1. As a test of reading the structure, rank B:Leu70, B:Leu93, B:Leu85 by solvent-accessible area (1.4 Å probe, protein chains only), most first.
2. Once each part is reduced to its C-alpha centroid, what is the distance from the stretch B:35-58 to the stretch A:116-194 in angstrom?
3. How much accessible area per residue does the stretch B:97-145 have, counting only protein heavy atoms and a probe of 1.4 Å, in square angstrom?
4. Considering only the label points, 7 Å along Cα→Cβ from Cα, what distances in nm to one decimal separate B:Val202 from the same position in each other copy, shortest first?
5. How big is the charge dipole of the stretch B:12-64 about its Cα centre, in debye rounded to the nearest 20, if each Lys and Arg gets +1 on its Cβ and each Asp and Glu gets -1 on its Cβ?
6. Between copies, how close do the A:Ser61 label points come, placed 7 Å along Cα→Cβ, listed in nm from shortest?
7. Send over the per residue convex hull volume for the stretch A:114-185, Cα only, as a whole number of Å³.
8. Which value, in Å to one decimal place, does the Kirkwood hydrodynamic radius take for the stretch B:1-156 when every pair of different Cα atoms is included?
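The values are calculated or read from the model by the stated rules, or taken from the named source; none is laboratory data. Just so it is clear, the model here is predicted, and its values are computed rather than measured. Quick reminder, even Gly has a Cβ in these numbers, built from the backbone with ideal geometry, and neighbours come from all protein chains shown. Note: areas computed on protein heavy atoms with side chains; ligands, DNA, RNA excluded. Shrake-Rupley method; radii C 1.70, N 1.55, O 1.52, S 1.80 Å.
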Number of protein chains: 2
Amino acid sequence: MATDSTGSAPGAGPRTRRRADAERSIASIVEAALAAFRRDTDATMADIARTAGVGRVTLYSHFPSREDLLDEVMRRAIDDARVVLTALPAEGLPAREALAGVIRSCWQVLDRYRSLHAAATRVLGPERMRAHHDEPMAAVGALVDRGREDGSIRADLPRDWLLATVYSLLHAAASEVEAGRLPAGEAAAVLEATVDSVLTPVRSPAADSR
Amino acid sequence: MATDSTGSAPGAGPRTRRRADAERSIASIVEAALAAFRRDTDATMADIARTAGVGRVTLYSHFPSREDLLDEVMRRAIDDARVVLTALPAEGLPAREALAGVIRSCWQVLDRYRSLHAAATRVLGPERMRAHHDEPMAAVGALVDRGREDGSIRADLPRDWLLATVYSLLHAAASEVEAGRLPAGEAAAVLEATVDSVLTPVRSPAADSR
């Protein structure tokens, strides 16, 4: 294994080199965990150590519990979402169109991490999972606010509830695909149609009969 | 504590009496667990033993793990749903109206068990939680099928996905109330309006302009 000058600056002291080694093994553990959870929701710490090619002592020295590891893996998954969302041309688009793009991108990322979602929910619990999503949900929230102002998104239901429905429909789609009840190829379109129905302002019967 | 003739038939042997004692302590453990989870999602086995007034050895002899206990508690919660759903006058009502009644009743039961839901999801995982709900979801499924036949429920999205949205919106409402993001008093109406938007057949633009 190249533990030396490849990763550290030439002439770096043993301390810098030790830190670089630690960073490399953390990175390979997180990669291995992502791969392991992609294959199997119930992947154990031993599976992950094996996939990462590190000893269990090393694994536990960085992540004392499955909970700590899943917290870190969730952070990396959300980082992916940030990269995808930052690349979107949100400025200038109508709120509703921009929101459809955000939800489509969130789904792409989530679809990649379907089995991680089940594992992490079990270990971290629903509320900590939701907290991990604060940043992408803030992007959804800003567009929902804009859409409520311009009349393209319904204002008869609480704003936070609309966010909760978007969040839960996205994750329901991931669970349904994972469980084999929704074909993966249909999920994006089905999700888009459903979110559309939830967010569209309700036409009152009076307005219909005019 | 009355351990004797009160619970068993007169002249019952020691074995029958022992079984009656065990049933009584299981019942008090399950009651205590329900009360404990209603107060606190993170209730421990020690909290539950204390509330039930049984020793930890007794608790663990009936429920070797928190997982076993939560499985049993979930079964009792679903029993409550069965009682409520069986009392509904489903026959003769239009599908859509009957379904609204079923969802309202499911919400009443779920609302009572909000913090249990969070605790159980964490311990049992999303898929086992969903399996616990097979029976009430079958009642929802039968009405969704009837509504798709008579045209009162949309048929452009997969049936199983419509069930998944009903399931996840009900549980999202419970989580949101539990987290303090949705006022408890508004939840039933907000949920009904949302489910309505998801299930209503989408009017094509062509039909509108006719």
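1. Working: B:Leu70 0, B:Leu93 55, B:Leu85 35 Å².
Heavy-atom accessible area, descending, gives B:Leu93, B:Leu85, B:Leu70.
2. Centre-to-centre distance over Cα atoms comes out at 34 Å.
3. Working: 1690 Å² over 49 residues.
Using a 1.4 Å probe on heavy atoms only, each residue of the stretch B:97-145 averages 34 Å².
4. 1.9
5. Working: 9 positive and 6 negative charges, 66 e Å.
With Lys and Arg at +1 and Asp and Glu at -1, about 320 debye.
6. Relative to the other copies, A:Ser61 has label-point distances of 4.6 nm.
7. Values: hull volume 7.5 nm³, N = 72.
It is 104 Å³ per residue.
8. On the way: mean 1/r = 0.0561 Å⁻¹.
Value: 17.8 Å, from the Cα pair sum.
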